[in-house]
1. What number of residues within segment 28-43 are of a type in the set (K, R) and under 18 Å from G104 (Cα atoms)?
2. Do you know which residues across segment 34-44 are assigned to a helix (DSSP H, G or I), open to solvent by 40 Å² or more (accessible area, probe 1.4 Å) and among the small types (G, A, S)?
3. Go through segment 68-120 and give me each residue that's open to solvent by 70 Å² or more (accessible area, probe 1.4 Å) and not in a helix (DSSP H, G or I).
4. Using the structure shown, decide if S23 is over 30 Å from L126 (Cα atoms), surrounded by fewer than 15 Cβ atoms within 10 Å (Cβ to Cβ) and among the polar types (S, T, N, Q).
5. Would it be correct to say that V131 is open to solvent by 40 Å² or more (accessible area, probe 1.4 Å) and part of a helix (DSSP H, G or I)?
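The values are calculated or read from the model by the stated rules, or taken from the named source; none is laboratory data. Treat the numbers as computed from the prediction; the structure is a model and nothing was measured. Heads up, the Cβs are rebuilt from the backbone with ideal geometry, glycines too, and the neighbour counts pull from every protein chain shown. These accessible areas exclude ligands, DNA and RNA; they are computed on the full protein's heavy atoms, side chains included. Shrake-Rupley method; radii C 1.70, N 1.55, O 1.52, S 1.80 Å.
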Amino acid sequence: MASDPASPVKPQGCTNLKLRQLSRRVSRLYDEAMDATGLKGTQYSLLSHVILMEPVRPSDLAARMTLDASTLTRNLQPLVAQGWVEIGAGEDGRSRLVTSTEAGRAKRQQGQRAWKQAQLSINARLGEARVVALHALLDDCATLLAPVSADALDD
């Protein structure tokens, strides 16, 4: 998709850098709010996905969270070590299923209150209309940058 030559506005700077800077600031706000729960924002998100999808194959969980398999495995390890999730046998000897434990569900409930406070803080600082617009822009960009499937190439 070519840019509009009539447009006087040209992107300046590195998009990757700008997104990483924003991501670090947002992550810091969530992590500070979550600190008392013993969860990081990323751990809360992963635990929430496990609970919402369980029992779930690691490959399905990774796809939903747009993580590669090795990152998911690494991120699950602290949750397993804390006893919040379990990785057990799947339908056959080669597959695995991820499930939450009772302690994990309780931890998520505790984390949910802290997450809500972080989200409300961001909404207040940015303004709800800006947060809604940001979410829509991020969703649109994620769709546009999603990998092209092999099926789409056949069309």
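1. Quick first cut of segment 28-43, residues of a type in the set (K, R) only: 28, 40.
Narrowing further to those that are under 18 Å from G104 (Cα atoms): 40.
Result for segment 28-43: 1.
2. Here is the first cut: in segment 34-44, the ones assigned to a helix (DSSP H, G or I) are 34-37, 41-44.
Next, only the ones that are open to solvent by 40 Å² or more (accessible area, probe 1.4 Å) stay: 35-36, 42.
The answer is A36, and nothing else.
3. Once the filter is applied, which keeps residues that are open to solvent by 70 Å² or more (accessible area, probe 1.4 Å) and not in a helix (DSSP H, G or I), segment 68-120 yields D68, Q82, E86, I87, A89, E91, D92, G93, R94, R96.
4. Working: over 30 Å from L126 (Cα atoms): no; surrounded by fewer than 15 Cβ atoms within 10 Å (Cβ to Cβ): yes; among the polar types (S, T, N, Q): yes.
The answer is no for S23.
5. Numbers: open to solvent by 40 Å² or more (accessible area, probe 1.4 Å): no; part of a helix (DSSP H, G or I): yes.
Considered against the rule, which asks whether it is open to solvent by 40 Å² or more (accessible area, probe 1.4 Å) and part of a helix (DSSP H, G or I), V131 comes out as no.
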